[in-house]
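J.: My structure is below; once you've seen it, I'll send some questions.
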Amino acid sequence: MPYVDLAFRLTGPTVPVDHGYALYAVLSRLAPEIHDAKEIGVQPIRGVYGGDGTLHLAAFSRLILRLPDDQIRPYLQLAGKKLEVDGHPLRVGVPEVRALCPAVNLRARLVTIKGFMEEGPFLEAAKRQLQSLGVAGAVLPGERRTFRIKEKQVVGFEVAVTGLTAEESLTLQEHGLGGRRRMGCGVFVPAEARST
């Protein structure tokens, strides 16, 4: 089943930089189907860093769900809804469907792999996951990052994967790496597209 990005325009002043869990919680209330939909990824909302742990929304800010194209329907109801993400009010606009485009180099803002919090072991675990997907690109870890789930801090890394064929690129975009994809982790985009 081909995957697509369902991209909703967002309006509002700001969103926390660390918004993955809070956004997932709001989406779970509005579209309960997402709660058990392990094949869905939610991309981190992009914006302009404003200091104090906040992003200012901009014209390019979107709520983007990556999902199989036959699962779009339940999420169309998000259009026009008001979201409150950790106390930050947002309005969801009209969506557009975007096909995934292969790129030689992909990046994810944050990848988490349960039990792997140090760079060396994390890198080996990421390589094993890539091999299980049949993806042979080079894995380049970036900045170590954390994000909050309730009172718990989860550790992960920014990750780039380079030297991909078109087929490998689409496979990685569809399946991602690690866990917590519905909270913004392990969702890969072309390396030129910034996700913060």
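The values are calculated or read from the model by the stated rules, or taken from the named source; none is laboratory data. Not measured: the values here are computed from a predicted model. We place every Cβ from the backbone using ideal geometry, glycine too, and count neighbours over all the protein chains shown. Each accessible area value is taken on the protein alone, full model and side chains, heavy atoms only, with ligands, DNA and RNA left out. Shrake-Rupley method; radii C 1.70, N 1.55, O 1.52, S 1.80 Å.
J.: Would you mind stating whether GLU124 is assigned to a strand (DSSP E or B) and not polar (S, T, N, Q)?
T.: Criteria not met by GLU124.
J.: Same structure again: Out of all the residues in the stretch 178-189, is one or more surrounded by fewer than 21 Cβ atoms within 10 Å (Cβ to Cβ), over 19 Å from the mean Cα position of the chain (by Cα) and touching a residue at least 12 places away in the same chain (Cβ under 8 Å)? Steps first, answer last, please.
T.: Residues of the stretch 178-189 that are surrounded by fewer than 21 Cβ atoms within 10 Å (Cβ to Cβ), as a first pass: 179.
With over 19 Å from the mean Cα position of the chain (by Cα) added as a condition, the list becomes none.
Within the stretch 178-189, not a single residue is surrounded by fewer than 21 Cβ atoms within 10 Å (Cβ to Cβ), over 19 Å from the mean Cα position of the chain (by Cα) and touching a residue at least 12 places away in the same chain (Cβ under 8 Å).
J.: What number of residues within the stretch 127-176 satisfy the criterion of being among the hydrophobic types (A, V, I, L, M, F, W, C), open to solvent by 40 Å² or more (accessible area, probe 1.4 Å) and not in a strand (DSSP E or B)? Give the derivation first.
T.: Step one: filter the stretch 127-176 for residues among the hydrophobic types (A, V, I, L, M, F, W, C), giving 130, 133, 135-136, 138-140, 147, 149, 154-155, 157, 159-161, 164, 166, 170, 172.
Then keep just the ones that are open to solvent by 40 Å² or more (accessible area, probe 1.4 Å); that gives 133, 136, 138, 140, 166, 170.
Going one step further and asking which of them are not in a strand (DSSP E or B), we end up with 133, 136, 166, 170.
The number of residues fulfilling the criteria is 4.
For (1) assigned to a strand (DSSP E or B); (2) surrounded by fewer than 19 Cβ atoms within 10 Å (Cβ to Cβ), each residue gets a yes or a no:
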residue: MET1; (1), (2): no, yes
residue: ALA22; (1), (2): no, no
residue: ARG29; (1), (2): no, yes
residue: TYR49; (1), (2): yes, yes
residue: ASP70; (1), (2): no, yes
residue: PRO89; (1), (2): yes, yes
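J.: Just name the residue that is surrounded by the most Cβ atoms within 10 Å (Cβ to Cβ) out of those in the stretch 5-16 that are over 13 Å from the mean Cα position of the chain (by Cα) and not aromatic (Phe, Trp, Tyr). Walk me through it before giving the result.
T.: So the first thing to find is which residues in the stretch 5-16 are over 13 Å from the mean Cα position of the chain (by Cα), and the list is 8-16.
So of that shortlist, the ones also not aromatic (Phe, Trp, Tyr) come out as 9-16.
Working: ARG9: 17, LEU10: 22, THR11: 12, GLY12: 19, PRO13: 13, THR14: 20, VAL15: 26, PRO16: 18.
It comes out as VAL15.
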